[in-house]
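The values are calculated or read from the model by the stated rules, or taken from the named source; none is laboratory data. In this text the structure is predicted, and so the values were computed from the model without any measurement. Methodologically, a virtual Cβ is constructed for each residue, glycine included, from the backbone with ideal geometry; neighbour enumeration extends over all protein chains shown. All accessible areas refer to the heavy atoms of the entire protein, side chains included, with ligands and DNA or RNA removed. Shrake-Rupley method; radii C 1.70, N 1.55, O 1.52, S 1.80 Å.
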Number of protein chains: 2
Amino acid sequence: MENIFSDEYFMRKALQEAQVAFDRDEIPVGALIVSQNKIIAKTHNLTETLTDVTAHAEMQAITSAANYLGGKYLKDCTLYVTLEPCVMCAGALYWSQISRIVIGASDEKRGFRSQLVKLHPKTQITEGVLAKESTELIQKFFKDKR
Amino acid sequence: MENIFSDEYFMRKALQEAQVAFDRDEIPVGALIVSQNKIIAKTHNLTETLTDVTAHAEMQAITSAANYLGGKYLKDCTLYVTLEPCVMCAGALYWSQISRIVIGASDEKRGFRSQLVKLHPKTQITEGVLAKESTELIQKFFKDKR
């Protein structure tokens, strides 16, 4: 039997969160944290709503998952995020020692890799999962703004 | 008449916050955000208390100051922080476009400068203000832990 809990399965749920952000007039980025195939955090960008530059989807997901787990370190957890994390979020992910990060679209301008920021040695990366869908949503957002 | 609102004046208040963190068994880092000589945020590291790697003094100060100002951008604001910000906090400070950062002690291992992370072009840095006091408090914390 096929495992329904594929990276694409979870990234599609993260994209649904990005769509919620879009509908709230926020830059559409969504994130999930999954532990043992269970979604323990589901968040989207809220920087405008909260008037807070730190309210990226990933930051909220880290806080929320740690709260669920009762511990600071996100061992055996995977972050699914529709856009490559920025420097701030990569710095937070470093501290969290998260096991794995699955990225949708790359962010060549503001992504952590363009700034050569390193993740924790314990953290594995998978990228390009539903990248097209994520990119299209972000492009639609900025096109509508013009 | 001498201006009492010197960098040392505010850094001493940030050090008082670091002492509060120390007394709570947190790595002793304190921060203030000042706008027009008024303290609009006063925070200390709470990562253990909140079980949250994102609860650095600077992150809380950014959120708190933006809440006070009713806007995301920390224009004409100065952050006083007793220890050089990490990559996460520097990334957040970038997004905030804060005008100025005054640093106490340098953090050669985890500070943002060792990772070559850039702040916003609008942000000026002053460093080494009461660095000795900050370093001594941190060293005392880790010595007591051993």
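For the stretch B:7-140, what is the accessible area per residue in Å² when the probe is 1.4 Å?
Details: 5870 Å² over 134 residues.
Computed with neighbouring chains in place, this is 44 Å² per residue.
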Next on the checklist: Accessible area of chain B with a 1.4 Å probe: how many percent of it is carbon plus sulfur?
Outcome noted: 50
Checklist entry - Which residues of the stretch B:50-76 show a drop of at least 30 Å² in accessible area when all protein chains are present, compared with their chain alone (probe radius 1.4 Å, heavy atoms only, ligands and nucleic acids excluded)? => result B:THR51, B:ASP52, B:VAL53, B:THR54, B:MET59, B:THR63, B:LYS72
Item to check | Heavy atoms of A:HIS44: accessible area, 1.4 Å probe, square angstrom to 10 | outcome: 20
Next on the checklist: Given the -39500 (n - 2.57) contribution per DSSP H run of 4+ residues, what per-residue ellipticity at 222 nm results for the protein assembly as shown, rounded to the nearest 500 deg cm²/dmol?
Outcome noted: -12000 deg cm²/dmol
Checklist entry - Looking at the stretch A:89-131, which residues lose a minimum of 10 Å² of accessible area between their chain alone and all protein chains in place, measuring with a 1.4 Å probe and not counting ligands or nucleic acids? => result A:GLY91, A:ALA92, A:TYR94, A:TRP95, A:ARG110, A:GLN115, A:VAL117, A:LYS118
Item to check | trypsin sites (Lys or Arg not before Pro) lying in DSSP loop within the stretch B:20-71, provided at most 13 other Cβ fall within 10 Å | outcome: B:ARG24
Checklist entry - Taking the Cβ of A:LEU79 as the center, what net charge do the other residues with Cβ under 10 Å away carry, scoring Lys and Arg +1 and Asp and Glu -1? => result 0
Checklist entry - Karplus couplings for the stretch B:120-132 from phi (6.51 cos²θ - 1.76 cosθ + 1.60, θ = phi - 60°), rounded to Hz, Gly and Pro as x? => result 5, x, 6, 9, 9, 10, 10, 9, x, 7, 6, 4, 4
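Find out how many positive minus negative residues lie around A:ARG146, taking Lys and Arg as positive, Asp and Glu as negative, among other residues whose Cβ is under 15 Å from that of A:ARG146.
Local net charge: +1.
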Checklist outcome for this item: For chain A, shape from the Cα gyration tensor axes a ≥ b ≥ c, cut at a/c of 1.5 then a/b versus b/c, turns out rounded
Item to check | Centroid-to-centroid separation of the stretch A:1-70 and the stretch A:113-139 [C-alpha atoms, Å] | outcome: 14
Checklist entry - Ranked from highest to lowest mean number of other Cβ atoms within 10 Å per residue, what is the order of the peptides B:96-109, A:78-91? => result A:78-91, B:96-109
Item to check | Per-residue ³J(HN,Hα) for the stretch A:49-61, Karplus 6.51 cos²θ - 1.76 cosθ + 1.60, θ = phi - 60°, Hz, x for Gly and Pro | outcome: 4, 8, 6, 8, 5, 7, 8, 5, 3, 5, 4, 5, 5
Next on the checklist: Given a Förster distance of 41 Å, report the FRET efficiency between B:GLU136 and A:GLU127 from their Cβ-Cβ distance, rounded to the nearest 0.05.
Outcome noted: 0.40
Item to check | Neighbourhood net charge (15 Å Cβ-Cβ; Lys/Arg +1, Asp/Glu -1) for A:ILE40 | outcome: +2
Checklist entry - When only C-alpha pairs under 8 Å and at least 6 residues apart count, what is the relative contact order of the stretch B:7-140, in percent? => result 22
Next on the checklist: I'd like the interface area for chains A and B: accessible area of each alone minus the complex, both sides summed, 1.4 Å probe, protein heavy atoms only. What is it in Å² to the nearest 100?
Outcome noted: 2200
